[in-house]
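The structure under discussion appears below in the form of structure tokens.
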Amino acid sequence: MKGYAPVMDQPGPKPCVLLADKGCDADFILADLEARGVAAVIPAKRNRKVQPVIDGYIYGLRNLVERCFSKLKHSRRLATRYDKTANSFLGFVLVASIRLWIRHFVHTT
């Protein structure tokens with residue numbers, strides 16, 4: 001998986017869990033996560049002889065993340081990546097996130 005290792009090596013808090021879909025069910029990814037001490041919550045592909053048991057509650061949290069990305073992509077500027085620099089793109093991601101956050105409070109009593 002191209003670009004996998006550099007993301008895990010970035011500065012910041014050490015990850016505890018990796019939530020991913022069946023596309024990330026590869027032996028080299030699982031071995032790397034185990035060496036790093038990260039729990040993998042990845043459903044196994046059908047062709048695996050041993051089907052590991054995954055935590056359904058933690059895997060269910062992945063749905064929240066996917067829905068958040070879906071809502072962020074409703075902003076046309078994010079979906080088409082109009083911004084040329086990483087700083088301006090991140091700035092608009094923050095603006096779109098604030099818009100979603102405020103919208104959440106407007107529709108609750």
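The values are calculated or read from the model by the stated rules, or taken from the named source; none is laboratory data. Treat the numbers as computed from the prediction; the structure is a model and nothing was measured. Positions of Cβ are generated from backbone atoms using ideal geometry, with glycine treated the same way; all protein chains shown enter the neighbour counts.
If you go through the range 81-109, how many residues are part of a helix (DSSP H, G or I) and among the β-branched types (V, I, T)? It would help to see each step written out before you state the result.
At the first step, the residues of the range 81-109 found to be part of a helix (DSSP H, G or I) are 86-106.
Pick out the ones that are also among the β-branched types (V, I, T) and you get 93, 95, 98, 102, 106.
Final tally of qualifying residues: 5.
If you check G23, G12 for being at positive phi, outside the structural domain of H104 (by TED's automatic domain parsing) and of a type outside the set (D, E), only one passes: G12. Examine the range 41-57 for a residue that is outside the structural domain of V95 (by TED's automatic domain parsing), under 30 Å from I98 (Cα atoms), touching a residue at least 24 places away in the same chain (Cβ under 8 Å) and among the hydroxyl-bearing types (S, T, Y), and state whether such a residue exists. Taking every residue of the range 41-57 in turn, none turns out to be outside the structural domain of V95 (by TED's automatic domain parsing), under 30 Å from I98 (Cα atoms), touching a residue at least 24 places away in the same chain (Cβ under 8 Å) and among the hydroxyl-bearing types (S, T, Y).
Take the range 1-23 and flag every residue that is out of contact with any strand residue (DSSP E or B) (no Cβ under 7 Å at 6 or more places or on another chain) and at pLDDT 85 or above.
Scanning the range 1-23 gives A20, D21, K22, G23.
Taking the conditions exactly as written (touching a Lys or Arg at 6+ places or on another chain (Cβ under 9 Å), within 27 Å of Q10 (Cα to Cα) and basic (K, R)), does R36 satisfy them or not? The answer is yes for R36. Does I29 meet the test of being touching a residue at least 12 places away in the same chain (Cβ under 8 Å), among the β-branched types (V, I, T) and touching a helix residue (DSSP H, G or I) at 6+ places or on another chain (Cβ under 6 Å)? Answer is no for this residue. Only one residue in L78, L30, L61 is in the same structural domain as L94 (by TED's automatic domain parsing), of a type outside the set (K, R), on the phi < 0 side of the Ramachandran plot and part of a helix (DSSP H, G or I). Which one? Just one listed residue meets the conditions, L78.
Per the conditions (1) under 13 Å from the mean Cα position of the chain (by Cα); (2) touching a residue at least 12 places away in the same chain (Cβ under 8 Å); (3) closer than 28 Å to L94 by Cα, the sole criterion not satisfied by S75 is (1).
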